[in-house]
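This report concerns only the one structure given below.
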2 protein chains.
Amino acid sequence: MHEERGTSESGIIAALERSFGGTLAARVAAIGIGDDAAVLRTVRGPIVWTIDTAVDGTHFDRRLLSLSEVGARSFHAAVSDLAAMGGRPLAALSNLVVPRSLGGRAVRAIAAGQARAARELGCPVVGGNLAKGEQLSVTTTALGTVSTPLLRSGARVGDELWLIGDVGLAAAGLRWLTARSRTRTARTSRGSGACVRAWRRPRALVREGRALVGRATAAIDVSDGLAGDAAHVAEESGARLVIEEGSLRAALRPELLEVAEALGVDPLMLALAGGEDYALLATGPARARPRIAHRIGRVERGRGVRLERHDGSLVVPPSGFDHFSGRA
Amino acid sequence: MHEERGTSESGIIAALERSFGGTLAARVAAIGIGDDAAVLRTVRGPIVWTIDTAVDGTHFDRRLLSLSEVGARSFHAAVSDLAAMGGRPLAALSNLVVPRSLGGRAVRAIAAGQARAARELGCPVVGGNLAKGEQLSVTTTALGTVSTPLLRSGARVGDELWLIGDVGLAAAGLRWLTARSRTRTARTSRGSGACVRAWRRPRALVREGRALVGRATAAIDVSDGLAGDAAHVAEESGARLVIEEGSLRAALRPELLEVAEALGVDPLMLALAGGEDYALLATGPARARPRIAHRIGRVERGRGVRLERHDGSLVVPPSGFDHFSGRA
């Protein structure tokens with residue numbers, strides 16, 4: 001764990017080390033949390049490795065999230081990338097840029113959220129870095145092991161399109177919170193609770209991603225809306241992904257339908273163009289589909305992503321969610 | 001390589017992938033630069049792993065550095081942590097937070113600097129992340145392999161204290177540039193060129209760090225001044241590090257002496273309390289000292305760091321360099 005001189009007041013770093021030290025699993029046998037670099041003793045390739053950053057004002061709005069939630073969300077977002085490759089999380093490093101005005105209490109709150117996520121995901125924090133800056137940001141880099149990584153490029157013509165986990169709920173939750181703060185009402189419902197929870201406390205689908213290895217031909221995590229992430233798979237695989245409206249609607253959660261109706265938006269739009277779901281989108285042959293996967297479409301010859309309407313017409317689905325404004 | 005929607009104008013990401021793709025060495029056999037996470041096929045533990053961030057206005061001043069230099073410096077700073085552990089760099093991920101106002105040209109310039117450093121260090125960039133934010137920051141996470149990691153905690157009473165590489169030059173170079181921009185003169189000299197170069201283009205001492213494995217008992221990279229980093233070794237090892245003034249002065253470069261004189265400061269102060277040298281400080285028995293190492297002191301029973309003056313008196317050395325202001 002690195003620090004800058006002057007950042008450390010009354011043992012912030014020591015507190016971080018205690019917080020993250022509690023996440024250490026014996027299997028990692030890491031040493032060196034107080035050293036220049038972290039040491040992992042038990043790594044055997046191939047490994048998957050990712051980095052993700054959440055910047056105050058770009059990726060999150062502190063009026064809507066606690067700092068502990070900011071830490072946990074950012075951690076799950078990073079590990080979700082490993083999940084999408086079928087990886088098993090091994091360890092993480094935490095890198096915080098914190099304005100002087102926020103102080104040690106803020107650092108400890110973020111670290112507490114990261115430590116909670118680390119325990120949930122079995123992915124100990126083995127080191128990191130703390131720096132001063134004008135704008136708060138939380139960066140997590142995570143390593144995982146994997147037998148055969150799931151890539152975006154493996155989709156084959158004739159494959160099914162699979163959805164694992166929920167889409168649209170997080171976008172609905174964010175819109176609900178934003179609308180509520182504008183109208184200053186305190187209305188809640190079963191549906192809004194589930195949507196707000198999905199946005200505030202996303203969960204990386206690690207077990208689900210590992211269950212896809214040996215079954216799926218391609219996978220990606222849905223962080224920018226189903227349509228946008230499907231487009232990455234289509235492009236990397238050189239194929240067309242067709243999302244079937246009826247199948248996708250059937251896979252949506254009733255809580256999403258309830259909140260979408262209250263907000264006056266089409267739940268399908270939230271599913272396609274929403275963001276921050278951390279569901280998994282995969283492709284694979286029908287015979288290999290795991291029980292956790294909903295079939296929501298198919299892979300065809302061609303390019304790009306199409307939405308197949310109930311009448312059989314193919315349209316370009318909406319995409320382009322903006323994290324911060326919540327606008328699609 | 002991740003991006004946010006809206007960040008990518010005219011293929012910034014594609015340009016980054018080309019830039020970093022050129023750094024890929026066959027031995028890493030990485031796949032997935034366009035995927036959720038990078039995949040490394042050839043990893044065998046133990047590994048060393050670090051993350052380092054450079055924030056505009058905290059760690060660098062863009063009036064004094066080009067964006068390409070910002071990218072390269074940050075990369076060398078991260079890899080220097082691996083060097084201090086005796087690690088061999090394997091691969092890196094690059095994480096950029098870039099204000100909208102800077103645009104794609106700035107991203108490409110930073111990436112060009114990182115790619116240059118990656119080639120210099122044999123440490124390919126295999127992925128990363130690009131995000132919008134108000135304040136420019138460059139974060140590098142790097143992985144390396146190591147047989148027996150050099151820790152800060154291994155110094156033993158009776159060991160020598162070794163310096164590998166130069167200290168004080170970078171701090172002298174920064175002061176020189178700052179003084180010159182204040183007085184608007186364009187004076188240069190052989191010494192000032194070397195000092196400015198040391199500050200603008202630091203080099204991680206990878207080969208030197210690896211040469212310490214099996215010889216040194218402890219090591220650290222000198223990023224915050226010799227006195228401050230020696231204090232970390234003393235604390236982690238539970239011993240006292242004594243820096244001998246005469247031996248340290250003898251190890252200083254003539255270019256440093258020249259510039260320190262022109263600046264009217266004691267070169268010893270720049271060496272002890274300066275920063276961003278990325279030299280290595282190590283401890284070890286006399287019989288094991290490698291030829292690249294200068295003996296500058298010894299390890300004794302006790303705590304903390306002391307400077308032994310010519311008259312044999314022991315004093316607490318100055319420390320506390322501030323990256324941005326250049327003030328000790």
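The values are calculated or read from the model by the stated rules, or taken from the named source; none is laboratory data. Remember, it's a predicted structure, so these values are computed and weren't measured experimentally. Using ideal geometry, Cβ is built from the backbone for each residue, glycine included, and neighbour counts are taken over all protein chains shown. Ligands, DNA and RNA are stripped out before the accessible areas are found, and what is left, the full protein with its side chains, is counted by its heavy atoms. Shrake-Rupley method; radii C 1.70, N 1.55, O 1.52, S 1.80 Å.
One line per residue, one yes/no per condition, for (1) in a loop (DSSP other than H, G, I, E, B); (2) modelled with pLDDT under 95; (3) buried (at least 24 other Cβ atoms within 10 Å of the Cβ); (4) more than 7 Å from chain B (Cβ to nearest Cβ):
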site: A:Gly34; (1), (2), (3), (4): yes, yes, no, no
site: A:Thr42; (1), (2), (3), (4): yes, yes, no, no
site: A:Arg63; (1), (2), (3), (4): yes, yes, no, yes
site: A:Val70; (1), (2), (3), (4): no, no, yes, yes
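Residues in the stretch A:85-126 that are within 18 Å of the chain's Cα centre (by Cα), small (Gly, Ala, Ser) and part of a loop (DSSP other than H, G, I, E, B): 3 in all. Do the conditions hold for B:Ala211, that is, is it closer than 16 Å to B:Arg295 by Cα and out of contact with any Cys (no Cβ under 9 Å at 6 or more places or on another chain)? Yes, satisfied.
Let's see how each residue does on (1) open to solvent by 60 Å² or more (accessible area, probe 1.4 Å); (2) in contact with a His (Cβ under 9 Å, 6 or more places away or on another chain); (3) more than 14 Å from every other protein chain (Cβ to nearest Cβ); (4) of a type in the set (D, E, K, R):
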| residue | (1), (2), (3), (4) |
| --- | --- |
| A:Glu258 | yes, no, yes, yes |
| A:Gly284 | no, no, yes, no |
| A:Glu300 | no, no, yes, yes |
| A:Pro318 | no, no, no, no |
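Residue-level analysis places B:Val222 among those that are β-branched (Val, Ile, Thr) and crowded, with 24+ Cβ neighbours inside 10 Å. Is it the case that some residue within the stretch A:156-163 is touching a strand residue (DSSP E or B) at 6+ places or on another chain (Cβ under 6 Å) and charged (D, E, K, R)? Yes: the stretch A:156-163 contains one or more residues that are touching a strand residue (DSSP E or B) at 6+ places or on another chain (Cβ under 6 Å) and charged (D, E, K, R). Restricting the stretch B:17-32 to residues that are at pLDDT below 70 and open to solvent by less than 20 Å² (accessible area, probe 1.4 Å), the residue that is farthest from the other protein chains (Cβ to nearest Cβ) is B:Thr23. Just one of the listed residues (B:Ala250, B:Ala239, B:Ala234, B:Ala279) is surrounded by fewer than 19 Cβ atoms within 10 Å (Cβ to Cβ), at pLDDT 95 or above and in contact with a strand residue (DSSP E or B) (Cβ under 9 Å, 6 or more places away or on another chain), and it is B:Ala250. Which of the residues spanning the stretch A:207-251 are within 20 Å of A:Gly158 (Cα to Cα), of a type in the set (A, V, I, L, M) and part of a strand (DSSP E or B)? Hits for the stretch A:207-251 are A:Ala218, A:Ala219, A:Ile220, A:Leu241, A:Val242, A:Ile243. Checking each residue in the stretch A:286-298 for being of a type in the set (A, V, I, L, M, F, W, C), open to solvent by 30 Å² or more (accessible area, probe 1.4 Å) and under 22 Å from the mean Cα position of the chain (by Cα) picks out only A:Ile292.
Would you call B:Val213 at pLDDT 95 or above and either in contact with a strand residue (DSSP E or B) (Cβ under 6 Å, 6 or more places away or on another chain) or open to solvent by 60 Å² or more (accessible area, probe 1.4 Å) (or both)? Taking the combined requirement at face value, the residue does not satisfy it.
Report whether or not B:Ile110 is away from every other protein chain (no Cβ under 14 Å), at pLDDT below 75 and open to solvent by less than 10 Å² (accessible area, probe 1.4 Å). Working first, answer last.
On the way: away from every other protein chain (no Cβ under 14 Å): yes; at pLDDT below 75: no; open to solvent by less than 10 Å² (accessible area, probe 1.4 Å): yes.
No; evaluated as a whole, the condition is false for this residue.
For the stretch B:156-184, the set of residues classified as open to solvent by 10 Å² or more (accessible area, probe 1.4 Å), assigned to a loop (DSSP other than H, G, I, E, B) and small (Gly, Ala, Ser) consists of B:Gly158, B:Gly165, listed by residue number.
Only one of these is part of a strand (DSSP E or B) and either at the interface with chain B (Cβ under 10 Å from one of its Cβ atoms) or free of Cβ contacts under 8 Å to residues at least 12 places away in the same chain (or both): A:Asp81, A:Asp52. Name it. Can you show your working first?
On the way: A:Asp81 fails: part of a strand (DSSP E or B).
None of the other options fit; the residue is A:Asp52.
Of everything in the stretch A:127-155 that is farther than 23 Å from B:Ala38 by Cα and either open to solvent by 10 Å² or more (accessible area, probe 1.4 Å) or in a loop (DSSP other than H, G, I, E, B) (or both), the residue that is farthest from the other protein chains (Cβ to nearest Cβ) is A:Leu136. If the condition is being open to solvent by less than 50 Å² (accessible area, probe 1.4 Å) and outside any loop (DSSP other than H, G, I, E, B), then the stretch A:304-314 contributes A:Val305, A:Leu307, A:Glu308.
Would a scan of the stretch B:92-109 turn up a residue that is touching a Phe, Trp or Tyr at 6+ places or on another chain (Cβ under 6 Å) and touching a residue at least 40 places away in the same chain (Cβ under 8 Å)? The answer is no; no qualifying residue exists.
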